[in-house]
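Enquirer: Sharing a structure with you now.
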Amino acid sequence: MNTEAVLTQPPRRLSVRQMVGCYIDTVELIRTRLNKRNETIAEAIKERALYFRVSLLGACNLACPFCHNEGAATKGKLEIAFAERAICIAHELGFRRIQFTGGEPLLHPRVADFVKIARAVMPDVGITTNGTYLAPKLASLISAGLSRIHVSLQAEALCSNPSAEQWSIPGWLRPNAATTRYPLSMRTFTSDTNEDGRAAP
């Protein structure tokens with residue numbers, strides 16, 4: 001079951017009001033369909049454990065084969081004003097968890113600002129990252145209110161990365177993981193494993 005509601009900025013140059021309007025129209029369509037089943041959007045979100053996924057940008061410094069960014073834009077960055085309004089709407093609809101993704105979200109120069117804005121509204125704010133830029137940004141992310149981190153990357157992609165020798169279970173991650181109070185998950189795929197970590201047939 002897909003447990004994500006995805007926000008990616010529309011490709012055309014629209015005003016913040018127009019962009020938010022696109023999503024409001026979609027929400028109304030979903031609400032109409034749920035009404036036929038006597039179910040509200042908030043009830044559907046809670047029952048299905050949905051979370052709001054926000055792509056900050058399409059660019060990434062790795063090229064992991066398992067990544068689900070196929071066909072997504074590789075240029076452009078999400079605007080703070082658009083994201084702030086959309087996050088407020090998501091909260092009004094019933095979302096209580098938000099997950100920032102990319103591309104590689106840590107490449108966004110204002111990633112900590114997104115976290116801070118989201119945490120003012122949502123009790124659970126996470127980020128999905130390949131982790132290669134996490135060490136220098138971890139303190140600012142935690143200070144901004146980050147509550148969970150998901151490190152997800154492909155082993156082969158790291159082998160071709162100049163900093164690959166720094167990776168196994170990263171040394172800098174061990175003490176931080178031991179002393180912080182937020183959920184941390186880590187997945188390292190190889191070409192011999194499926195997306196769920198099982199051996200490929």
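Values in this text are rule-based calculations from the coordinates and carry no lab data. Computed from a predicted model, the values in this text were never measured in an experiment. Here the Cβ positions follow ideal geometry from the backbone for every residue, glycine too, while neighbour counts run over all protein chains shown.
Enquirer: Within 10 Å of each residue's Cβ, count the other Cβ atoms and sort Thr32, Thr132 from fewest upward.
Expert: Ranking Thr32, Thr132 by Cβ neighbours within 10 Å, fewest first, gives Thr32, Thr132.
Enquirer: If I take R0 = 41 Å and measure r between the Cβ atoms of Arg96 and Tyr133 in this structure, what FRET efficiency does the formula 1/(1 + (r/R0)^6) give, to the nearest 0.05?
Expert: For R0 = 41 Å, the calculated efficiency reads 0.90.
Enquirer: Going by average Cβ neighbours within 10 Å, how do the peptides 38-47, 96-105 rank, with the highest at the top?
Expert: Top to bottom by mean Cβ count within 10 Å: 96-105, 38-47.
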